[in-house]
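The values are calculated or read from the model by the stated rules, or taken from the named source; none is laboratory data. Quantities reported herein were computed from a predicted structural model and do not represent experimental measurements. Here the Cβ positions follow ideal geometry from the backbone for every residue, glycine too, while neighbour counts run over all protein chains shown.
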Amino acid sequence: MAEYYHGVKSREAATSVSTPVVADSGITFVVGTAPVHMLGKSGDGDAYANVNVPVYGGNYPETVSALGYSDDWAKYTLCEVMYNHFRLYNTAPVIFVNVLDPSKHKATVAKQSYPVTDGRVLLPLEAIAETVVVDEYTLGDDYEVYYDGENLAVEILGEGTIPPETAELTIGFDKVDTSQITKTDIIGGFNVVTKQTTGFELIEAVFPKFGVVPDIIICPGWSQDSEVAAIMNAKSTINGVFKANALIDVDTTAVRHYADVPAWKKSKNISAKTESLCFPMCKLGDRLFHMSTQWAGLIATVDAKNDGCPCESASNKTMQIDSTVLADGTEVLLDITQANYLNSNGIVTALNFIGGFVLWGNETACYPANTDVKDYFLCVSRTFAWVSNSLILTYWSKVDSKFTRRFVDSIVDSINIWLNGLSSEEKLLGGRVEFLESENPTTELMAGKATFHIYITPPSPAKEIEFVLEYDSSYVTAALAA
């Protein structure tokens, strides 16, 4: 029996048009090494924190507190990205995965004498604090250890038994040894015994853990390895549905001249539409950067200026560098013809031509073999991926809803409204969605399968602007006529 009611009432109905959940853009996922031994072991005392765990880097201080920091970027590659993204480009977030495990990647330093200066002994940063042993003396009573800049300091306590006039202390310790890190650690995998996921496999955990979709993948110091690059490309599809792009560095220890880069690219089989290749490296003052790191930071900055949409190319935008170099520091100065030669082979570079150093190049690694504009223009390809990611995020909640005409119309209407908005903002030149009968036969509809055909046209970068100059003799007559 219906409930008896006498009077006026109201109720709310669900909105038939969905508000889009816009995917994040310019979020970098990076695998490498960080000096986590500076932070000590985790609460249980058995393991070091943030080893093979995705770390959400929202700003510089919180990231340093989670991973440590050192200016020795050759050993600690994640620190290069911290400095680049947070301090030079002021962009966030970045998802970091550190594979350096101080309990595993370490070596023992034999006891020897170290000079005491101003009541302290300065050991290298690689020294693991909890392993330091000072002959004849006791930690906490006679000395303390702490990290100070690029050193581990052993400080003599005034109330201890170490004589003030002591000139040397005999000290032994273990140190982290980043040379033990191999590409196997970087690539990672799943250990069936420990049930631990490591390295690049952890990209699958980012969305479930943080609710963000990384769309830029880098691995400075390792991406020049063809196997690592192949894994980065394989991981450009995340969780089986989301799309990303891998930025890969040319090995400038093996390739020293720009003309040799295309052959190196071919030999390493770097040719996918989700791979983008860059040459050479960069410097700012005394700091050496992989170009992929600088490129990722610049992409995030340009995306942010477009309200988080990747519709604009990062090419011809100012980089935070003052020279381009090889790994050994040898300067590489390319002119416009040489830079364009690299671009014509699907390789991005940096150019100092007008207005300082800028990123130069729009093409992904699939160019020139693949001339589909949605594949070879990076900003167009990224916009397609961004639209795809946004649609998945928005309509995932609709899965298993009642499959009715109203269901179809609500999706068509809401997507068209969103695409029209992007077009009015000139993030797209145009876009629409259609529910085509030819793509939705009765058998598919009965099986609960719906196909929506989306047409979009992201703007291409204006990579070639030509001015035609012609001498017009009529102006002579006009100017000199009596």
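When residues in region 243-264 are screened for being touching a Phe, Trp or Tyr at 6+ places or on another chain (Cβ under 9 Å), farther than 14 Å from THR28 by Cα and not aliphatic (A, V, I, L, M), 6 of them pass.
If only residues of region 466-482 that are modelled with pLDDT under 95, assigned to a loop (DSSP other than H, G, I, E, B) and of a type in the set (A, V, I, L, M, F, W, C) are counted, the one that is surrounded by the most Cβ atoms within 10 Å (Cβ to Cβ) is ALA481. Restricting region 27-55 to residues that are in contact with a strand residue (DSSP E or B) (Cβ under 6 Å, 6 or more places away or on another chain) and in a helix (DSSP H, G or I), which is surrounded by the most Cβ atoms within 10 Å (Cβ to Cβ)? Here the answer is HIS37. Determine if region 421-437 includes at least one residue that is closer than 20 Å to CYS309 by Cα, touching a strand residue (DSSP E or B) at 6+ places or on another chain (Cβ under 7 Å) and part of a helix (DSSP H, G or I). Within region 421-437, one or more residues are closer than 20 Å to CYS309 by Cα, touching a strand residue (DSSP E or B) at 6+ places or on another chain (Cβ under 7 Å) and part of a helix (DSSP H, G or I). Figure legend. Inter-residue proximity from region 345-361: first residues buried (at least 24 other Cβ atoms within 10 Å of the Cβ), second residues assigned to a loop (DSSP other than H, G, I, E, B) and among the charged types (D, E, K, R), beta-carbon distance below 7 Å, spacing 6+ or different chains. Indicated pairs: LEU359/LYS317. The C-beta contact set for region 417-446 (first residue of a type in the set (A, V, I, L, M), second residue loosely packed, with under 13 Cβ neighbours inside 10 Å, distance under 7 angstrom, 6+ apart or interchain) comprises VAL433/HIS453; LEU436/HIS453.
When residues in region 213-245 are screened for being on the phi < 0 side of the Ramachandran plot and either part of a loop (DSSP other than H, G, I, E, B) or among the hydroxyl-bearing types (Ser, Thr, Tyr) (or both), 15 of them pass. Restricting ALA74, ALA92 to those that are in contact with a helix residue (DSSP H, G or I) (Cβ under 7 Å, 6 or more places away or on another chain) and outside any helix (DSSP H, G or I) reduces the list to ALA92. Take LEU333 and tell me if it is among the hydrophobic types (A, V, I, L, M, F, W, C), surrounded by 23 or more Cβ atoms within 10 Å (Cβ to Cβ) and out of contact with any helix residue (DSSP H, G or I) (no Cβ under 8 Å at 6 or more places or on another chain). So LEU333 fails the test.
Restricted to region 56-101, and to residues there that are over 13 Å from the mean Cα position of the chain (by Cα) and among the aliphatic types (A, V, I, L, M), the residue that is surrounded by the most Cβ atoms within 10 Å (Cβ to Cβ) is LEU100.
Scanning region 223-250 for residues that are under 20 Å from LYS283 (Cβ atoms) and touching a residue at least 60 places away in the same chain (Cβ under 8 Å) yields a count of 3.
Restricting attention to region 185-220, the residues being surrounded by fewer than 20 Cβ atoms within 10 Å (Cβ to Cβ), of a type in the set (Val, Ile, Thr) and either touching an Asp or Glu at 6+ places or on another chain (Cβ under 6 Å) or outside the structural domain of TYR48 (by TED's automatic domain parsing) (or both) number 1.
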